[in-house]
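Here's the structure, in structure tokens; my notes come after.
The values are calculated or read from the model by the stated rules, or taken from the named source; none is laboratory data. Because the structure is a prediction, the values reported are computed rather than measured. Glycine gets a Cβ as well: all are built from the backbone with ideal geometry, and neighbour counts include every protein chain shown. Each accessible area value is taken on the protein alone, full model and side chains, heavy atoms only, with ligands, DNA and RNA left out. Shrake-Rupley method; radii C 1.70, N 1.55, O 1.52, S 1.80 Å.
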Amino acid sequence: MYFPAHRLRRLRKNENFRRMVREATLSVDDLIYPLFAAPGEDLKKEISSMPGNYQLSIDLIVEEAKEVKGLGIPAVLLFGIPETKDEAGSGAYDEEGIVQRAIRAIKKEVPGLLVVTDVCLCEYTSHGHCGIVRDGEVLNDITLELLAKSAISHAEAGADMVAPSDMMDGRVAAIRSGLDENGFQQIPIMAYSAKQASALYGPFREAAESTPQFGDRRSYQMDAANGLEAIRETALDIEEGADIVMVKPALSCLDLIYAIKREFGYPTAAYSVSGEFSMIKAAAEKGWIDEKRVVLEALTGIKRAGADIIITYHAKDAARWLSEA
Ligand code: PBG
Ligand code: ZN
């Protein structure tokens, strides 16, 4: 009779054993919840492809932020839908812009909740691109100035951290020096470092009304096939002064999360993007999968890959589920 020398099942026997040897843990401390600020009052408009997520006017975004804080989630990531858009994306760096006003309201009414802001132009430009467009081309260096201006305006409004998502070359350095010159040496930058040109951002673009009006984002966002380049992008962001680096999307990029965490040892965020949320949601609504178990499994997998921070539209649900467990 043959007996296996190693029996890994011994430590899987019951939940107490499993708890003791569990490697990766998911905690509410790891989560960031995205919020979409929109003009108006008493506005709570559900994003049809992202059930349970809303465009919220400032009065209601404050209520939402209170709920988020109440659930123990440490931070929100703020996006804005401006009243009007123009070629220069001027709403992005307007002192009275939608995000700037939302930051002030949340910081005043919900102290103790970190407000992180997405820094980009695409929600504010009439053409929907992340930079200034001339002759059909997205220009890099002119865009840098406007990104720095946007980040400064967020910091002036009270943002705790800025997160550039545009993928222009040199933006982290431009934002870092802009912040420093204006007295914001202590405001950290969470850089969308390895951000792919992904089809999984579709639902977000409905939420943020930021679909490019021509072409696509492939001349600035990364090609999804490139892993070594993702390391180089991240190395540059760190050199330029990033405090936290980010991989996006998450589930299709677990190898990049793993490699980047190993290579740099930096605080590493993963953005579980809108399409990841919507896929799980849709399958759950059809009764094909168990939403709670799939979400907790996916988020734990992202942690196991090496992420310290996860930005997810499931953050509120996950916080509730974790506190039940
Ligand atoms: C803006 C931005 C996008 C996302 C975050 N910031 C969209 C894009 O680049 O087209 C995607 C987030 C998501 O899908 O959840 N640059
Ligand atoms: Zn953008």
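Structure data summary
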read-out	value
Under-5 Å amide H pairs with Gln196, H placed in peptide plane, nonlocal only	Met222, Lys248
Separation of alpha-carbon centers, segment 217-236 and segment 147-191, rounded to whole Å	21 Å
Using alpha-carbon coordinates, inclination of helix 98-109 to the longest axis of the chain, degrees	60 degrees
Relative frequency of Cα-Cα separations exceeding 28 Å in the chain, percent	39 percent
Sorted peptide list for 217-224, 272-279, criterion being average Cβ within 10 angstrom, highest first	272-279, 217-224
Extended-chain gain in nm, criterion 0.36 nm per residue less alpha-carbon gap, Arg320 and Leu228	29.4 nm
Sorted peptide list for 17-26, 173-182, 147-156, 107-116, criterion being average Cβ within 10 angstrom, highest first	147-156, 173-182, 107-116, 17-26
Reachable lysines, given that their alpha-carbon falls under 19 Å from the alpha-carbon of Lys85 and they are not under 8 places away in the same chain	Lys149
Calculated FRET value between Ala235 and Glu137, using beta carbons and R₀ = 30 Å, to 0.05	0.70
Average accessible area per residue (Å²) across segment 19-324 - probe 1.4 Å, nucleic acids and ligands excluded	42 Å²
Degrees, to the nearest 10: 254-264 long Cα axis against longest axis of the chain	80 degrees
Cα-projected label distance for Asp308 with Asp243, points at 7 Å along beta-carbon direction, nm	1.1 nm
Taking the chain and dividing mean pair separation by its residue count, relative contact order in percent (alpha carbons under 8 Å, at least six apart)	18 percent
Extended-chain gain in nm, criterion 0.36 nm per residue less alpha-carbon gap, Asp59 and Thr300	83.4 nm
Of Lys107/Lys316; Lys261/Lys292; Lys45/Lys303; Lys261/Lys281; Lys44/Lys108; Lys108/Lys248, those spanning more than 23 Å from alpha-carbon to alpha-carbon	Lys261/Lys292; Lys45/Lys303; Lys261/Lys281; Lys108/Lys248
Cβ-based charge dipole, segment 19-324, positive-most Cα from Ala230, Leu60, Ser323	Ser323
Only Lys, Arg (+1) and Asp, Glu (-1) charged, at Cβ; the chain dipole about Cα centre in debye	2140 debye
Gain upon complete extension [Arg19, Thr84; 0.36 nm per residue less C-alpha separation]	18.2 nm
Within the accessible area of the chain (1.4 Å probe), percent carbon and sulfur	50 percent
Ranked by how many other beta carbons lie within 10 Å on average, peptides 157-166, 295-304, 82-91 from highest	157-166, 295-304, 82-91
The chain: antiparallel DSSP beta bridges as a percent of all, rounded to 5	15 percent
Angle between the chain longest axis and helix 171-181 axis [Cα atoms, degrees, rounded to 10]	60 degrees
